[in-house]
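Let me begin by presenting the structure, written as structure tokens, before commenting on it.
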Amino acid sequence: MTALQSIMPPVVLTAPGERWEVDPELREKLCLTDDNVLHVVDGYGGNHFVMAFVERLRRAGIQHTTDYVKPELLKTLYRGVASVPGTHRNQQYAGSESSSGKQDHVVKILRDATESGASDIHFFATPNGHQLSFRIHGELEAVQSFAGNDGVQLLSAIYETMSESTGSNYRPGEKQDGRLRSEFVTECGLFGARLATRPTLNGPWMAMRLLYDSGKLLSLDQMGYLPAQIEALTRLIHRIDGMVLLTGTTGSGKSTSIQTLLTMLLEAMQFSINLVTVEDPVEYRIPGSNQTPLAPKEQWVEAISNMMRLDPDVAFIGEMRDTASALAAFQAALTGHGLWSTLHVNSAAASLQRLHDLGVEGSLLYDPGLVKGLVNQSLTRSLCANCKIPYTDAEKRFSSDLRSRIETRCRPDQVFVKGEGCERCGRRGVVGRTAIAEIIEPNMAFMRKFRDFGKAEAQTFWVNDQDGITKNAHLLHRINEGLVDPSHGERDVCPLDEDVSTVGARG
């Protein structure tokens with residue numbers, strides 16, 4: 001080979017006018033170059049038309065190697081740019097032009113996602129198609145690519161033929177919500193799969209939240225709560241009066257924890273009470289309860305009022321989203337009913353601030369006889385015990401400021417960090433996620449401190465005078481046990497020195 005030949009891009013044999021010319025649609029999926037490499041868009045190895053082309057090559061005696069690439073790389077080849085290494089994948093999804101074939105395709109994706117323990121499936125729009133990704137242990141992992149319009153066609157099939165909104169038109173330029181029909185999710189061990197779509201600059205994006213139904217509840221200990229926190233939660237579930245709020249950001253595991261806690265409450269009451277829920281939608285099964293979805297066009301305040309006429313002992317409201325629903329929830333608790341609900345805030349004490357902002361009166365909000373418990377949780381990744389490595393063997397990989405926080409706030413000789421991964425953890429270095437939480441059982445002293453001086457002073461009082469365990473303290477506990485990588489904890493929960501600035505903890 002001459003020096004000139006070595007820098008020239010390979011000839012694309014499937015381009016228009018070449019020997020192995022293919023139609024425009026197939027050019028979005030494959031490209032054959034004169035170095036006998038068949039470049040196939042990642043995920044189309046089992047596509048009927050790709051397989052037919054491979055058979056043509058075989059019959060012609062053409063020996064080739066296959067390289068799985070992103071759609072962008074395929075386009076550069078057809079523009080005459082030299083090939084660059086592709087991204088190989090083991091997973092292949094056979095494409096199909098029929099509606100039933102697309103449904104089978106989606107079910108295959110669902111199975112792969114559930115086997116991987118994914119919490120969400122994303123179909124991200126890209127300039128050249130769509131990228132399928134799974135969220136596993138809180139992180140996104142790319143799985144396969146869809147070329148051209150194939151991704152949009154698949155999203156249309158999901159919304160129009162597989163969701164409870166079957167018959168409704170899929171509108172890529174608008175946001176739409178939905179839920180997969182049970183026939184498509186139960187065989188994958190799921191209770192449901194919630195859909196949300198939104199247009200982006202590159203095209204429509206769909207996110208799918210997977211709702212699991214293994215039939216087995218995790219204990220509070222398995223979820224990651226500390227013994228003192230479990231004692232507090234046990235006290236809360238042995239009461240059927242007052243309000244308990246479980247809070248956290250999106251994806252913090254609130255729904256899973258609510259399922260466990262309300263099931264424990266029913267068991268503690270020997271299933272002799274009427275527990276009624278209003279949810280939008282119903283996400284997890286709570287055996288022994290009467291779970292009801294928010295009706296179409298029904299407002300939360302209407303649903304709460306109707307629920308209270310159904311003789312509940314304990315009620316669960318999926319979320320207090322506005323002033324009307326918050327006030328209705330407090331009125332329900334004021335009549336002696338137990339009331340559980342959720343809020344999107346990032347600390348337990350912030351629940352009171354959020355409710356104050358929603359317009360709940362202080363005479364209700366700061367009554368410890370009414371507000372019984374404030375629970376806030378986050379999730380962080382748990383290290384694989386088989387491949388984790390001591391921090392002291394890997395400290396150079398961390399920035400100097402993180403090393404300073406680890407050595408100031410942790411016990412470095414007890415800290416472990418993520419290893420390279422192994423077969424047991426799927427080469428991820430982590431094996432799941434654990435709850436990092438804080439639980440406040442407000443008393444009069446705490447409520448007065450909050451009312452008179454605000455959230456920051458109340459939080460400091462709770463920690464320094466009432467031995468409260470913050471999420472920061474919980475996180476440090478798990479890091480010093482060697483269960484959580486400090487860098488994961490900072491990304492997933494909070495800086496290691498959060499309490500130093502917020503409650504005056506010693507460094």
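Among residues belonging to the range 126-151 that are outside any strand (DSSP E or B) and under 23 Å from the mean Cα position of the chain (by Cα), point out the one that is farthest from Ala113 (Cα to Cα).
The first filter runs over the range 126-151 and keeps only residues outside any strand (DSSP E or B), leaving 127-128, 137-138, 148-151.
Then drop every residue that is not under 23 Å from the mean Cα position of the chain (by Cα), which leaves 137-138, 151.
On the way: His137: 12, Gly138: 13, Gly151: 17 Å.
Result: Gly151.
Take the residues in the range 152-162 that are among the hydroxyl-bearing types (Ser, Thr, Tyr) and surrounded by fewer than 21 Cβ atoms within 10 Å (Cβ to Cβ); name whichever of them is nearest to the chain's Cα centre (by Cα). So that I can check it myself, show each step before the final result.
We begin by selecting, within the range 152-162, every residue among the hydroxyl-bearing types (Ser, Thr, Tyr); these are 156, 159, 161.
Checking the rest, the ones that are also surrounded by fewer than 21 Cβ atoms within 10 Å (Cβ to Cβ) come to 156, 161.
Working: Ser156: 23, Thr161: 25 Å.
Selected residue: Ser156.
Exactly one residue out of Ala348, Ala332, Ala324, Ala303 is crowded, with 20+ Cβ neighbours inside 10 Å and touching a helix residue (DSSP H, G or I) at 6+ places or on another chain (Cβ under 6 Å), and it is Ala332.
Restricting the search to the range 464-504, which residues are of a type in the set (D, E, K, R), open to solvent by 50 Å² or more (accessible area, probe 1.4 Å) and not in a loop (DSSP other than H, G, I, E, B)?
Asp465, Arg491, Glu498
How many residues, within the range 224-238, are open to solvent by less than 20 Å² (accessible area, probe 1.4 Å) and in a helix (DSSP H, G or I)? Steps first, answer last, please.
Initially, the range 224-238 is screened for residues open to solvent by less than 20 Å² (accessible area, probe 1.4 Å), giving 224-226, 229, 232-233, 236-237.
Going one step further and asking which of them are in a helix (DSSP H, G or I), we end up with 229, 232-233, 236-237.
Number of matching residues: 5.
The residues in the range 354-371 that are surrounded by fewer than 16 Cβ atoms within 10 Å (Cβ to Cβ) and in a helix (DSSP H, G or I) can be counted, and the count is 3.
Of all residues in the range 174-218, those being at pLDDT 90 or above and aromatic (Phe, Trp, Tyr) number 1. Can you spot a residue in the range 87-108 that is open to solvent by less than 40 Å² (accessible area, probe 1.4 Å), modelled with pLDDT under 80 and under 15 Å from Val40 (Cβ atoms)? There is at least one residue in the range 87-108 that is open to solvent by less than 40 Å² (accessible area, probe 1.4 Å), modelled with pLDDT under 80 and under 15 Å from Val40 (Cβ atoms). Of Asn149, Asn128, Asn169, all but one fail to be more than 26 Å from Glu279 (Cα to Cα) and exposed (fewer than 15 other Cβ atoms within 10 Å of the Cβ); the exception is Asn149.
Does the range 372-391 include one or more residues that are open to solvent by 10 Å² or more (accessible area, probe 1.4 Å), at pLDDT below 95, touching a helix residue (DSSP H, G or I) at 6+ places or on another chain (Cβ under 6 Å) and not in a strand (DSSP E or B)? Looking through the range 372-391, none of the residues is open to solvent by 10 Å² or more (accessible area, probe 1.4 Å), at pLDDT below 95, touching a helix residue (DSSP H, G or I) at 6+ places or on another chain (Cβ under 6 Å) and not in a strand (DSSP E or B). Checking each residue in the range 176-208 for being open to solvent by 30 Å² or more (accessible area, probe 1.4 Å) and within 19 Å of Gly129 (Cα to Cα) picks out Ala196, Arg198, Pro199, Thr200, Leu201, Asn202, Trp205. For the range 430-463, a residue qualifies if it is surrounded by fewer than 20 Cβ atoms within 10 Å (Cβ to Cβ) and part of a strand (DSSP E or B), and the qualifying residues are Val431, Gly432.
Candidates Arg409, Arg427, Arg397: the one that is of a type in the set (Lys, Arg), open to solvent by 10 Å² or more (accessible area, probe 1.4 Å) and modelled with pLDDT of 95 or more is Arg409.
Considered as a group, the residues in the range 18-36 that are of a type in the set (A, V, I, L, M, F, W, C) and under 24 Å from His130 (Cα atoms) include one that is surrounded by the most Cβ atoms within 10 Å (Cβ to Cβ), and that residue is Cys31. Filtering Val278, Val244 for residues that are modelled with pLDDT under 95, surrounded by 15 or more Cβ atoms within 10 Å (Cβ to Cβ) and out of contact with any Pro (no Cβ under 7 Å at 6 or more places or on another chain) leaves a single hit, Val278. Residue pairs whose Cβ atoms lie under 8 Å apart, sitting 6 or more positions apart in sequence or on different chains, and linking a residue in the range 225-238 that is farther than 17 Å from Ala315 by Cα to a partner that is in a helix (DSSP H, G or I) and of a type in the set (Lys, Arg), do not occur here. Just one of (1) of a type outside the set (Phe, Trp, Tyr); (2) surrounded by 15 or more Cβ atoms within 10 Å (Cβ to Cβ); (3) in a loop (DSSP other than H, G, I, E, B); (4) touching a residue at least 24 places away in the same chain (Cβ under 8 Å) fails for Leu339. It is (3). Apart from one condition, Ala295 fits all of (1) touching a residue at least 12 places away in the same chain (Cβ under 8 Å); (2) open to solvent by less than 50 Å² (accessible area, probe 1.4 Å); (3) over 30 Å from Arg491 (Cα atoms); (4) not aromatic (Phe, Trp, Tyr); the exception is (1).
The values are calculated or read from the model by the stated rules, or taken from the named source; none is laboratory data. Since the structure is predicted, the reported quantities are computational estimates derived from the model, not experimental observations. Here Cβ is always computed from backbone atoms with ideal geometry, including for glycine, and neighbour counts include all displayed protein chains. Remember, those area values only see protein heavy atoms, side chains included, never the ligands or the DNA or RNA. Shrake-Rupley method; radii C 1.70, N 1.55, O 1.52, S 1.80 Å.
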